[in-house]
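The values are calculated or read from the model by the stated rules, or taken from the named source; none is laboratory data. Keep in mind that this is a model prediction, so the values were computed, not measured. Here Cβ is always computed from backbone atoms with ideal geometry, including for glycine, and neighbour counts include all displayed protein chains. Protein only, heavy atoms only, side chains kept; ligands, DNA and RNA dropped before computing areas. Shrake-Rupley method; radii C 1.70, N 1.55, O 1.52, S 1.80 Å.
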Amino acid sequence: MILENGVIRTMDASLPTVRALAIAGEHVAGGVGTHESVLPSPERLDLGGRCVLPGFSDSHVHFPTWSMAQRQVRLEGTQSLEEALARVADAARSVEPGRWLRGTGWRSGDWHPPTEPTKEALDAVTGGTPTALMARDYHSLWLNSAALAHANGDLQVPGGVVEVDERGEPTGVLREECAWHFRDVYVHPTDDEMVEASREGVRIASARGVTSVHDKDGWLGALRVWQRLAEEGSLTLRVWQSLPHHHVEELAAIGIRSGFGSPLVRIGYLKAFMDGTLGSQTARMLDGSGVEITSREQLEEIVRAGAAAGLPVAVHAIGDLANREALDAFEATRDVWRPLGLRQRIEHAQLLAPEDVPRFGALGVVASVQFSHAPSDRDLAERFWGEKTAGAYAYRALLDAGAVVANGSDAPIEELDPLAGIRAGVLRTLDDRPAWHPKQAVTVEEALHATIVAPAWLAGDERRRGKLVPGYLADLVVLDRDPLAIPADELPEVRVVATMLDGRWVHNPPPWDRER
């Protein structure tokens, strides 16, 4: 197959664009002319002026969780407690007796007048239906009385918070480890539920140009989900899978290292948490506030154990103190992981002290960020972090300091949509408001690099993915226009036309309508 009559951006600095692209089997064969002879009677596809890029990667997504959320009550965008409760009430009417009502997306910081969720408020609209609603940041869980009864008062675990009222009774809100423990014990979806939802999730991701994800749902049993999808032939993206750090001894014992797996599903890295989040006000800050989930010393032990097992670490860090201590831990252990070429990463890196920004590049620690978080969080960040926001979501500063920046969505916290993430990184706004801290904006080319090239490098795939050059896998996306040839304010108009994986169309195969 030869793709021609369009703009083909290779993402390779030595030859940024080519006038045509030859594909033989699963691989890019080269440009027309030199390598055309390897293709007997090639099919020629007229791009009609469209743009071809290597496929998009999402370097931070909770994929089965995001897929399940498509079927749950969604509370994003609610402006008051009453509006949230109205959505829950509507959903509760269709829940079968004995089943849980699950939901996600609430953020009390967005509600006016200011108020916090309670079990009593939920009880009024859910009755005896056990209800569990994850906050938008996935670090807080809102429960009704019927749900709380399942734990019989056993709610507290280390690293977590049980919110209580003036009488010392649980309010119905659990945070951090307490929220996750309750979710895992009482509200865990079945494998069949996750597979069914993820099958549809894969279809949506392919329609958005995604050919690879770095999944964060290892704790949820995502490997079993991916394997079932691969076996049935419905997996049309590549997976770089995280696993909880406490599994490192088991992985080491059986010799499973980073990169183990199949062409579509591979073990990637260990996942750990330093602190909480902005929205739950549990981010660990230099002023002493927040929740410590993992100490610097504990992270050092995790990194060393990971290095011994041949596994890099991805650590969640939101607050400025959490990020500093994560960097400290990587610096203290670099003698064991650097010689192995392990690609360590800090997830989110949302608030950084100025003196810590250059440390990412100097240490070789990747900033695995989510461009969409900046415009999405701007109001909360201004409220809770005030003047510190000059050092928040500092993507421009990180790039200028030589850091590798990889972009993801953190879906379901934001939507799994690479084009939306690219717009957020470039425009620093997703609505009609002016750009928020525009000095931290990135260029379109940098946003594409963070969404295509950097994630492939982070997964050790830089010699087979992330570029459209001879010998690389034919994973690509066709856009209706060239994002590098239009004014930035026209980026919201860019649309995915088609997606290819392994030289096979997995979304909207041609012929295509020529009208944009």
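Just to be sure I understand the filter: pairs with C-beta atoms under 8 Å, separated by 6 or more residues or on different chains, first member in region 244-260 and under 8 Å from ALA309 (Cα atoms) and open to solvent by 30 Å² or more (accessible area, probe 1.4 Å), second member in a helix (DSSP H, G or I) and among the basic types (Lys, Arg). Which pairs pass?
Qualifying pairs under 8 Å: none.
Residues being touching a Lys or Arg at 6+ places or on another chain (Cβ under 6 Å) and open to solvent by less than 30 Å² (accessible area, probe 1.4 Å): count how many of those fall in region 103-131.
1
Going residue by residue through region 402-419, is there one that turns out to be within 20 Å of ARG359 (Cα to Cα), open to solvent by 20 Å² or more (accessible area, probe 1.4 Å) and part of a loop (DSSP other than H, G, I, E, B)?
yes
Considering region 227-243 alone, what residues qualify as being in a helix (DSSP H, G or I) and surrounded by fewer than 14 Cβ atoms within 10 Å (Cβ to Cβ)?
GLU231, GLU232 - these are the residues of region 227-243 that are in a helix (DSSP H, G or I) and surrounded by fewer than 14 Cβ atoms within 10 Å (Cβ to Cβ).
Condition check: in a helix (DSSP H, G or I) and closer than 29 Å to LYS388 by Cβ. Does GLU292 satisfy that?
Here the answer is no, as GLU292 does not meet what is asked.
For (1) open to solvent by 10 Å² or more (accessible area, probe 1.4 Å); (2) in contact with a Ser or Thr (Cβ under 7 Å, 6 or more places away or on another chain); (3) at pLDDT below 95, each residue gets a yes or a no:
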position	(1), (2), (3)
MET11	yes, no, no
VAL38	yes, no, yes
GLY49	yes, no, no
VAL52	no, no, no
VAL61	no, yes, no
TRP66	no, no, no
GLN72	yes, yes, yes
LEU85	yes, no, no
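Please verify whether region 338-355 includes one or more residues that are open to solvent by less than 10 Å² (accessible area, probe 1.4 Å), assigned to a helix (DSSP H, G or I) and modelled with pLDDT of 95 or more.
No, every residue in region 338-355 fails to be open to solvent by less than 10 Å² (accessible area, probe 1.4 Å), assigned to a helix (DSSP H, G or I) and modelled with pLDDT of 95 or more.
Select from region 272-325 the residues that are of a type in the set (D, E, K, R), under 22 Å from ASP377 (Cβ atoms) and open to solvent by 30 Å² or more (accessible area, probe 1.4 Å) and list them in ascending order.
Step one: list which residues in region 272-325 are of a type in the set (D, E, K, R), which gives 275, 284, 287, 292, 296-297, 300-301, 304, 320, 324-325.
Filter once more, so that each one left must be under 22 Å from ASP377 (Cβ atoms): 275, 284, 287, 292, 320, 324-325.
Passing the criteria: ARG284, ASP287, GLU292, ARG324, GLU325.
Within region 460-493, can you find the residues that are assigned to a loop (DSSP other than H, G, I, E, B) and in contact with a helix residue (DSSP H, G or I) (Cβ under 6 Å, 6 or more places away or on another chain)?
Matches in region 460-493: GLU462, ARG465, GLY466, PRO483, LEU484.
Could you grab me the full set of residues in region 421-469 that are open to solvent by 20 Å² or more (accessible area, probe 1.4 Å) and closer than 15 Å to ARG208 by Cβ?
ARG423
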